[in-house]
Amino acid sequence: MAGQRTFRRDFAYSGPYNGPARSYREAALKGMLFIHNLPQVKAWLTQSEPDMTYTYYAYANKIVSAIIRNECLVAANVPSQRDDALAIACAAARFLMDNSQPATAPLAYFPPTYYKGQMAGVADAGETATMTMDANYTVQAMLDLYDATADSVYYRRALDITRTYVRLQRPDGSWPIKVSYDTGEPVSETGAMLHGICMVADRMARQYGVTEFVPMLDKAERWMHDVALRTFDLNAQFEDVSVLGLKPYENLTNYVAANYARYLLDKAEPTATDIADARQLIQLSEDQFVHWDCLPDSDGLKHYNTPCVVEQYKFRVPVDNSAANVSGALLRYYKVTGDTLAYAKAKALVDNMTIQQHAQSGYLPTYWDYRNARADELSMWTNCAYTVIERLLEFAAMQP
């Protein structure tokens, strides 16, 4: 009838759910070795450029950085594969450095967001522009590789990229979401979400004693609190989604909310404001993106493998990286506050990581929905799988 609407309440958390299919450490080891053994990853042992039969190398910085970080984990956790893993990581790092912007460019030392024009989605301005926050992936990868090899070339590159961020930061503490390599000018005036650069600056100070980036961090935190969190317009920051003409609240994502919550809670001494902000960000993530269960279709099929987390408004598909993001924030909240419900929710999501994983190969599927299986397993985004492996290792370390 006119003037009437029907609303259906989503499923609330109702644990416990299925337990883990295998130990968290075993799941992590199988996941990292699956990536390590991919022919397109092993190819770094004999060549200096990506094997583009793995099409996601089109997102060069994100994917190659994830492979470097994964190989550092392999080197640390699988002694028999250490030499090959570090050789792969060093070759992949050399590719990123060789294809980065020159020292005299406006975006000095920034790695390529896109590579060889094979973008699997909308890439505003193509290879002539970069997602501003993407270089954070390379900074973290270079620091991991420095930790694994003690080769200062990687540490210096991490510093050089972060110093470019200092030069690019606007007076209000923000950065534009996407900029031109040639001019350094914004492709879009949409503001970047700053969890990545905050994590980088914090790691530099905490692990290496580098304090020169603390003023940049303070301004970035202030912008996140006063603008992004105050409005809760936590828009998606993905390379394959257009950033042009983005309207407020048009494309929210857990990727920003959960990761910034994790950053706030990871501080050595989170303030009461940090904890309150993190709690709201976690609540937003659960309310808008977590599915603890779902209704079957007319054939009796449930299309989401629950419990799961969908990625963003414009891609309402459950993604393993999203489950890792939200479970990571929940785990940190538990560690800081002792909230056992947060722990139980995190466990439910982490347990499902082991259930979705292929038992024989260790393959960690990116998408947790019902769909036609591909003949190969190259639909996996390695950056997403890496985040899952991180979370599995974190959870393994918490077990008695």
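A few remarks follow.
- Residue match in the stretch 191-198 (condition: farther than 22 Å from Thr387 by Cβ, buried (at least 20 other Cβ atoms within 10 Å of the Cβ) and free of Cβ contacts under 8 Å to residues at least 60 places away in the same chain): yes
- Among residues of the stretch 21-41 that are among the polar types (S, T, N, Q), those with a beta-carbon under 8 Å from a residue that is surrounded by fewer than 18 Cβ atoms within 10 Å (Cβ to Cβ) at least six positions away or on a different chain give the pairs Ser23/Ala396; Gln40/Asp51; Gln40/Thr53; Gln40/Leu378.
- Test for Ala268: is it open to solvent by 30 Å² or more (accessible area, probe 1.4 Å), over 20 Å from the mean Cα position of the chain (by Cα), at pLDDT below 95 and among the aliphatic types (A, V, I, L, M): yes
- Residue match in the stretch 127-137 (condition: touching a Ser or Thr at 6+ places or on another chain (Cβ under 6 Å), open to solvent by 10 Å² or more (accessible area, probe 1.4 Å), in contact (Cβ under 8 Å) with a residue 60 or more places away in the chain and in a helix (DSSP H, G or I)): yes
- Residue within the stretch 74-88 that is within 17 Å of Ile35 (Cβ to Cβ), out of contact with any strand residue (DSSP E or B) (no Cβ under 8 Å at 6 or more places or on another chain) and not in a helix (DSSP H, G or I) present: yes
- Selection of the stretch 237-248 for residues being open to solvent by 10 Å² or more (accessible area, probe 1.4 Å) and touching a Phe, Trp or Tyr at 6+ places or on another chain (Cβ under 8 Å) yields Gln237, Phe238, Asp240, Val241.
- Condition check for Thr253: open to solvent by 40 Å² or more (accessible area, probe 1.4 Å) and among the polar types (S, T, N, Q): no
- Which listed residue is within 27 Å of Arg391 (Cα to Cα), of a type in the set (A, V, I, L, M, F, W, C), free of Cβ contacts under 8 Å to residues at least 60 places away in the same chain and open to solvent by less than 30 Å² (accessible area, probe 1.4 Å), from Ala108, Ala60: Ala60
The values are calculated or read from the model by the stated rules, or taken from the named source; none is laboratory data. What you see is a predicted model, and the numbers here were worked out from it, not measured in a lab. No Cβ is skipped: glycine too gets one built from the backbone with ideal geometry, and neighbour counts run over all protein chains shown. These area figures cover heavy atoms from the full protein model, side chains too; ligands, DNA and RNA do not enter into them. Shrake-Rupley method; radii C 1.70, N 1.55, O 1.52, S 1.80 Å.
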